[in-house]
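To start, the structure itself, in structure tokens.
Only the coordinates and a few stated rules stand behind these numbers; no lab work does. Everything numeric here is computed off the predicted structure, so don't read it as measured data. Here the Cβ is made from the backbone with ideal geometry for all residues, glycine too, and neighbour counts use every protein chain on show.
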Amino acid sequence: MTSQLYPWQQDAWLQLQALRPRMPHAILFHGAQGIGKADFIEHFAQALLCENVRPDGHACGACASCGWFSQGNHPDYRRVRPEALEDEIADEGEGEGEGAKKSAKSKTPSKDIKIEQIRNLADFMNISTHRQGLRVVVLYPAEALNTPASNALLKTLEEPPPGTVFLLASNSLDRLLPTILSRCRKFSLPMPSHEQALAWLKGQGLNDADSWLREQGGAPLAALAQSESGGREETEQLLQVLANPGVEAALKAADKLQKAPLAPLVASLQRWLYDLFSIKLSGTVRYYPRHRRELEALAGRINVSKLMAAIKAANERRAIAEHPLSPKLFLEDMLLDYASNCQ
Ligand SMILES: [Zn+2]
């Protein structure tokens, strides 16, 4: 079985094939979150390892290498992600020392890529490849590398082991060390057009695809993930209090929403403020067209400096939303702050 590219990735795939005769040892794929970068680089990794690659550059899906790849145990392939993204931690056989067991049991899986994960690659890169072919490391999202891990990876990129290709993906290049950037060939992956994304989402059987898609700024995988996470009701509750700011509404909403994941709520607030700003300056709405009327009413009475203050505060909260001391206090503070700026 070979995974499929998304329809909006076909041109990028063709461009990528042009690199293959002289493969860079590290390629950094970048683009908006939720457009399918991880699937794209895993697809490419399989093709690089395939023993009978097709003329169009895709993996054959039938050779021994493809077989191992799709079962997730190719000996010349490693995937490095934050623990929080590893849904199959328990199944990954290697490195299961005491430490690995402990971390699997610890309460919150890490959202960082840690230095141990980079160090573990050293052994992998020091032995000869099983198939006398390439060795491929996929790593994403690169901005999850914490500082020690970044530095360790940098050392590897500075002295690349022969026959090894690093495929990295990042949602935001400005969060990467410039030294890492300078060691990688950059490759941009496109955002689909609204029509392409909408057609794809409808093909996935998503109802109300247009609203989900707009809310995620046009990123189809983000829209699908958001719809599946069941966060719609919570988002709606939040939007209600944003549309009608007030102290009492803020406290009530904070109580109701305290069990919900905070980062998506802060992201919704950021999008809402973006819309408010945009409607005030140019009359356009990007994320929440179905709330245009409320946005217009708010935009009519808020002044720009207060709006800027609210945007700044939301950006700062985004940074700490993963580790709040108390979710309820965090939300109260966030919504009261919003109400005082936007009432
Ligand atoms: Zn193959």
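With each label modelled as a point 7 angstrom along the Cα→C-beta vector, the GLU296-ASP112 pair spans 4.9 nm.
Of LEU281, LEU221, LEU251, the residue with the greatest mean-square motion in the GNM of the chain, using alpha carbon springs below 10 Å, is LEU281. For a straight C-alpha distance cut-off of 13 angstrom, the aspartates and glutamates reachable from LYS114 (same-chain residues fewer than eight places away being disregarded) are GLU83, GLU143. Multiplying the residue separation of ASN73 and GLN10 by 0.36 nm and subtracting their alpha-carbon distance yields 20.0 nm.
Taking only the Cα atoms of region 155-266, how large is their convex hull per residue, in Å³? Intermediate values should be presented prior to the final figure.
Values: hull volume 19.4 nm³, N = 112.
It is 173 Å³ per residue.
Across q = 0.11 Å⁻¹, region 203-343 modelled as identical point scatterers on its alpha-carbon atoms has Debye log10 I(q)/I(0) values of -0.38, in the order of the q list.
For the chain, the relative contact order works out to 18 percent when only alpha carbon pairs closer than 8 Å and six or more residues apart are counted.
In degrees from 0 to 90, rounded to the nearest 10, what is the angle of the helix 37-49 Cα long axis to the longest principal axis of the chain? The angle comes out near 0 degrees.
Checked against a 19 Å cut-off, the cross-linked pairs LYS111/LYS312; LYS111/LYS155; LYS280/LYS312; LYS259/LYS306; LYS256/LYS328 give Cα-Cα distances beyond that limit for LYS111/LYS312; LYS111/LYS155; LYS259/LYS306. Taking every Cα-Cα distance in region 27-67 and sorting them into 5 Å bins from zero, the calculated P(r) comes out as 6, 25, 25, 18, 14, 10, 3 percent.
When DSSP assigns beta bridges and you keep just the ones with both residues in the chain, what percent turn out antiparallel, to the nearest 5?
Details: 0 of 19 bridges.
Close to 0 percent.
In region 168-251, taking the dipole from charged Cβ atoms about the Cα centre, the farthest positive-side position among LEU251, LEU239, SER172 is held by SER172. Once the Cα-Cα distance is subtracted from the 0.36 nm per residue extended length, the ALA263 to SER278 segment shows a gain of 3.2 nm.
For a distance above 16 Å, tell me the whole-number percent of Cα pairs in region 236-302 that qualify. Walk me through the intermediate numbers first.
On the way: 1000 of 2211 pairs.
The share of Cα pairs beyond 16 Å in region 236-302 comes to 45 percent.
Across the options SER278, ALA313, SER268, the greatest Cα extent toward the positive end of the charge dipole of region 212-339 (unit charges at beta carbon of Lys, Arg, Asp, Glu) belongs to SER278. Put simply, the Cα atoms of the chain extend 67, 45, 36 Å along their principal axes, the longest span coming first.
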